[in-house]
Every structure is written in structure tokens, then in C-alpha cells.
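Have a look at the structure below before the remarks.
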Amino acid sequence: MQKRTDYNGVTYFYSEGMYPVRHGFSTRLGGMSKQAHTKSLNLGFYRGDPDIIVKKNIERFCEAVDVDPETLVIMPQIHSTNVIVVDREMGGHGIYTPATFEGDALVSCSTGTALGVRVADCVPILLADPGAGVIAAVHAGWRGTVGNIVGKTVQKMCYLGASAEDIRAAIGPHISMANYEVGEEVAKQVLAAVGEDSLTFAHLRPSENEGKFLCGLGAVNKTLLMQAGLREEHIDLSRECTYADSELFYSHRRMGEKRGTMMGIIAI
């Protein structure tokens with residue numbers, strides 16, 4: 001189960017199933033951004049806030065989840081299935097030092113490393129095998145989802161010493177099925193990714209608009225994680241909707257390009 005908590009004004013969600021791994025999913029509450037569309041905990045550069053404000057916001061969120069921001073690695077995200085392995089030497093990448101690589105999932109087995117992915121409707125997924133000391137952070141929009149970025153990430157984690165059946169997963173707040181309408185081409189790709197035998201109404205269902213479907217991105221990624229070897233009881237799926245709750249979350253579909261950005265962080 002995921003719970004909401006507050007630290008020094010910063011509101012975030014965490015998963016009880018990930019204990020004792022440090023992690024969290026940010027909301028838009030508790031930061032220093034003053035503009036209407038980014039107020040207040042915007043964690044994304046190039047959204048209209050000065051870089052120094054974004055850095056201060058990142059530092060505030062890191063403090064809330066007990067992570068040293070100098071150890072945090074982020075990168076430009078490109079809606080790909082690129083999985084990047086990083087270590088503690090890359091701490092501060094994309095925050096205090098210029099980004100030198102891009103992708104949509106980060107994996108590490110290097111103690112003293114924190115990983116972050118940014119979202120504003122897409123699905124943030126944090127993974128950990130605490131015994132093996134392997135963690136991952138995944139950004140899964142629809143393109144990454146149908147490309148099975150979570151499956152590729154689990155494979156990379158296992159290459160570094162993790163065991164799929166021991167991996168815990170927290171699927172953070174994202175746009176809900178009720179608010180995520182897609183066209184037939186996307187629906188076909190979701191079907192292909194999940195497989196006909198596994199497809200349920202939790203993944204896809206017809207919408208009220210002809211030729212359109214409602215898609216449960218979180219449920220799709222949960223199924224793909226199970227197909228990659230994770231136990232269902234080790235997967236914690238958030239029910240929070242970034243589109244529906246404007247007080248807590250930024251949402252690309254609700255706000256467009258003029259919006260802030262949230263982040264999921266995990267550390268080892």
C-alpha cells in the first residue's frame with residue numbers, strides 16, 4: 001500500500017512494500033516555485049522556473065526522502081526503452097553537471113547512488129532487490145510501456161545480480177484509466193504488449209467515443225512486471241490519478257506544456 005506523508009512541508013507518497021529502501025514519489029506541494037503553472041514543487045528544468053529554483057526544489061524533495069542530492073542521477077527522458085546502468089561516480093548528473101546521456105530507465109548496484117525519473121501523467125516505477133543491492137527507476141509513457149521498458153529493466157537488474165522473484169516494485173501516481181483515452185493504433189500496441197491471453201478490462205476498454213479506448217497504463221506495467229518474473233504480491237500499484245487531482249499533481253494532459261514536473265526517487 002502506498003501512503004501519503006509530509007516532511008517539512010514536502011508532500012510525497014511512499015510504498016510500505018519497499019521498506020527499508022529509501023524512495024518516494026513527489027507531488028506539487030512543498031517547493032519554492034512561484035508561477036501559477038509550476039507552483040510549488042516543480043522538479044523539471046525548462047518549465048519556466050530559474051534553474052536555481054528547480055535545484056532547490058530537488059534538494060527539498062531529496063531531504064524529505066533522506067537522499068543526498070549529490071548522489072542523485074537523472075537524465076533527459078525521450079519516451080524510449082533505453083535502460084542505462086549508472087554508478088556513484090555519476091552522482092549529480094543532470095542536476096549539478098550537464099547530462100551526457102538520455103533514456104527512460106536507470107539501474108544501479110553501486111552503493112551511494114540515487115536514481116530519479118520525472119513524470120506528469122506517465123508512470124513512474126521504482127524497483128529494488130534489497131538483498132542483492134540493485135535498484136532501478138523507470139519512466140513509462142505509452143511508448144515505453146508497449147516497448148516493455150519494465151521487462152528490459154528487470155533483465156538488466158538480474159544481470160547485475162538481482163532475482164526477479166525478489167524484486168519489489170512501486171508503481172507511482174499516474175494518469176488513471178478513466179482519464180486516459182487512446183486511439184485504435186495505441187490500443188493495438190497495448191494488446192500486442194500484454195498478449196491476448198492476459199488482456200483484461202483493467203488494461204483496455206472501449207470509451208464512450210467511437211474508435212477510442214481507455215487505457216490503464218499502471219495495470220499494463222503491472223502485468224508486464226509479472227511476466228518478467230515479479231510476484232504479484234511484490235508489486236504496489238498506486239490508485240492516485242495525476243489528471244484528476246489538480247491540488248496534488250501536475251498533469252500534461254490537463255495542463256499541456258505549461259506545467260511543472262514531478263519525480264520518483266530511489267536510493268541504495
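Can you list the strands (runs of 3 or more DSSP E) lying wholly within the range 1-83 that have 1 or more residues being farther than 19 Å from Val117 by Cβ? Break it down stepwise before answering.
On the way: elements: 2-7, 10-15, 23-26.
Result: 2-7.
Can you name every one of the strands (runs of 3 or more DSSP E) wholly within the range 94-143 that holds 2 or more residues which are buried (at least 23 other Cβ atoms within 10 Å of the Cβ) and small (Gly, Ala, Ser)?
Values: elements: 105-108, 114-119, 123-129, 134-140.
Per the criteria, 105-108, 114-119, 134-140.
Picking from Ser198, Ser207, Ser163, which residue would you name as being more than 20 Å from Tyr14 (Cβ to Cβ), small (Gly, Ala, Ser), surrounded by fewer than 22 Cβ atoms within 10 Å (Cβ to Cβ) and touching a Leu at 6+ places or on another chain (Cβ under 7 Å)?
Values: Ser198 fails: touching a Leu at 6+ places or on another chain (Cβ under 7 Å); Ser163 fails: touching a Leu at 6+ places or on another chain (Cβ under 7 Å).
Answer to the check: Ser207.
Just for the range 14-38: of the residues that are buried (at least 22 other Cβ atoms within 10 Å of the Cβ) and hydrophobic (A, V, I, L, M, F, W, C), which one is farthest from Asp166 (Cα to Cα)?
Result: Phe25.
Which one of Glu185, Glu232, Glu247 is among the acidic types (Asp, Glu), modelled with pLDDT of 95 or more and over 29 Å from Val67 (Cα atoms)? Working first, answer last.
Values: Glu232 fails: over 29 Å from Val67 (Cα atoms); Glu247 fails: over 29 Å from Val67 (Cα atoms).
Result: Glu185 is the single residue among Glu185, Glu232, Glu247 that is among the acidic types (Asp, Glu), modelled with pLDDT of 95 or more and over 29 Å from Val67 (Cα atoms).
What is the number of the single condition among (1) touching a Phe, Trp or Tyr at 6+ places or on another chain (Cβ under 7 Å); (2) over 20 Å from Met32 (Cα atoms) that Ile78 does not meet?
(1)
Restricting the search to the range 174-195, which residues are farther than 13 Å from Thr242 by Cβ, assigned to a helix (DSSP H, G or I) and not charged (D, E, K, R)?
Val186, Ala187, Gln189, Val190, Leu191, Ala192, Ala193, Val194
Within the range 215-243, track down each residue that is assigned to a loop (DSSP other than H, G, I, E, B), in contact with a helix residue (DSSP H, G or I) (Cβ under 7 Å, 6 or more places away or on another chain) and farther than 19 Å from Trp142 by Cβ.
Gly229, Leu230, Arg231
Within the range 154-173, work out how many residues are assigned to a helix (DSSP H, G or I) and either farther than 9 Å from Leu127 by Cα or without any contact (Cβ under 8 Å) to a residue 60 or more places away in the chain (or both). Steps first, please.
First pass over the range 154-173, keeping only residues assigned to a helix (DSSP H, G or I): 154-159, 164-166.
Add one more test, that the residue is either farther than 9 Å from Leu127 by Cα or without any contact (Cβ under 8 Å) to a residue 60 or more places away in the chain (or both), and what stays is 155-159, 164-166.
Final tally of qualifying residues: 8.
The values are calculated or read from the model by the stated rules, or taken from the named source; none is laboratory data. Since this is a predicted model, take the numbers as computed values, not measurements. Here the Cβ is made from the backbone with ideal geometry for all residues, glycine too, and neighbour counts use every protein chain on show.
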